[in-house]
Every structure is written in C-alpha cells, then in structure tokens.
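The values are calculated or read from the model by the stated rules, or taken from the named source; none is laboratory data. On a predicted model such as this, the values are computed, not experimentally measured, just so you know. Glycine also receives a Cβ, built like all others from the backbone with ideal geometry; neighbour counts cover every protein chain displayed. The area values use the complete protein model at the heavy-atom level, side chains included, leaving out ligands, DNA and RNA. Shrake-Rupley method; radii C 1.70, N 1.55, O 1.52, S 1.80 Å.
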Amino acid sequence: MIVALCLTLFMGEGLLNNTMYSVDDCLFCNIIKRTIPADIIYETDEIIAFNDINPEAPHHLLIIPKNHIATINNLDAKNSFIMGSMFEAAVYLAKKFGVTESGYRVVMNCNADAGQTVFHIHLHFLAGRNLTWPPG
Ligand code: 5GP
Ligand code: ZN
C-alpha cells in the first residue's frame with residue numbers, strides 16, 4: 001500500500017491505472033468472480049462475454065479473458081492464444097445475434113489515446129446498426 005502510494009506521488013496515477021493496480025481492484029476480474037453483477041451472455045473456460053453497461057449499439061458486448069491482462073501491450077508468446085479464443089467468441093455471438101452476414105465490429109482500445117478506461121483487456125463486440133467509419 002505504501003509502495004503504491006509512493007508510486008502514485010512520484011510517477012503519476014497513469015501507471016497505477018494500468019499494469020500495476022491490484023487484480024482485486026479490477027472491475028472485470030470482479031465481474032468474472034461474480035462479486036460485481038453483469039449480464040453474462042456467454043462463457044467458456046477461458047473467456048466471458050457480457051453486455052456493456054453503456055451500449056453504443058443494439059448488441060454491445062465485452063469479451064474478456066478470465067486471466068487478468070491489463071492492456072494489449074501485456075500480450076506475449078505465453079498468453080496471446082487468448083486472442084484467438086476472444087475472436088472465436090465474437091464469431092459465436094455474431095451467429096447468435098444473426099449478424100454474421102449483415103456485419104458487426106470488434107474493437108480493442110489500448111491506453112489513453114484510444115480511450116481505454118478499464119485496464120483488463122476486452123474486445124468490444126458491436127452489432128445491430130450501421131456502424132460509421134472512421135471512429136471518433
Ligand atoms: P474501454 O473504454 O476501456 O475500451 O471500454 C470499457 C467499457 O466498459 C465501456 O464501454 C463501458 O461502458 C464498460 N463498462 C464500464 N463499467 C462497466 C460495468 O460496471 N459493467 C459493464 N457491464 N460494463 C462496464
Ligand atoms: Zn482484471
């Protein structure tokens with residue numbers, strides 16, 4: 001705790017906001033543990049998918065790994081297989097919502113300039129309306 005406080009003072013809160021904060025404090029880890037409620041739509045041994053609390057499309061889900069990974073920058077040869085599992089979940093959801101042919105979008109934000117606000121990687125799954133491009 002004292003170490004964390006010192007890091008906040010000397011290095012700025014940005015560092016604590018991503019790779020260094022406790023898994024116990026992670027919103028999405030708590031959703032996985034069911035200590036915070038969420039509308040879970042799909043689950044495997046490796047991932048869960050749940051409705052975004054502030055949907056930007058008729059179907060807006062977040063697909064997350066059960067293991068805590070703070071940002072895309074923390075992917076490596078040992079854990080990057082999970083990206084395949086997350087995309088397989090997107091394919092499953094597209095079939096479930098009947099948008100395989102009409103279309104859907106999957107997006108991951110990394111760090112501040114991309115607007116990442118929760119530092120546990122998540123694949124946004126968006127479908128059910130015509131999505132504009134480029135994003136803001
Ligand atoms: P980011 O901005 O990090 O790419 O996306 C984080 C997403 O998490 C946002 O779309 C936001 O609406 C969603 N979110 C934040 N807090 C909660 C929550 O408590 N429950 C759920 N289901 N989604 C959340
Ligand atoms: Zn987490």
>> Given (1) in a loop (DSSP other than H, G, I, E, B); (2) within 16 Å of the chain's Cα centre (by Cα), identify the lone condition not met by Ile64.
In response: (1)
> Among the residues of segment 105-124, which ones are in contact (Cβ under 8 Å) with a residue 60 or more places away in the chain and β-branched (Val, Ile, Thr)?
Replying inline: Val118
>> Restricting to segment 80-136, and then to whatever is within 16 Å of ligand 2 (Cβ to nearest atom), outside any helix (DSSP H, G or I) and farther than 17 Å from Ile40 by Cα, can you tell me which residue is most open to solvent (accessible area, probe 1.4 Å)?
In response: Thr117
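Results for (1) at pLDDT 95 or above; (2) more than 16 Å from ligand 2 (Cβ to nearest atom), shown as yes or no for each residue.
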| site | (1), (2) |
| --- | --- |
| Leu7 | no, yes |
| Phe10 | no, yes |
| Asn17 | no, no |
| Asp24 | no, no |
| Tyr42 | yes, yes |
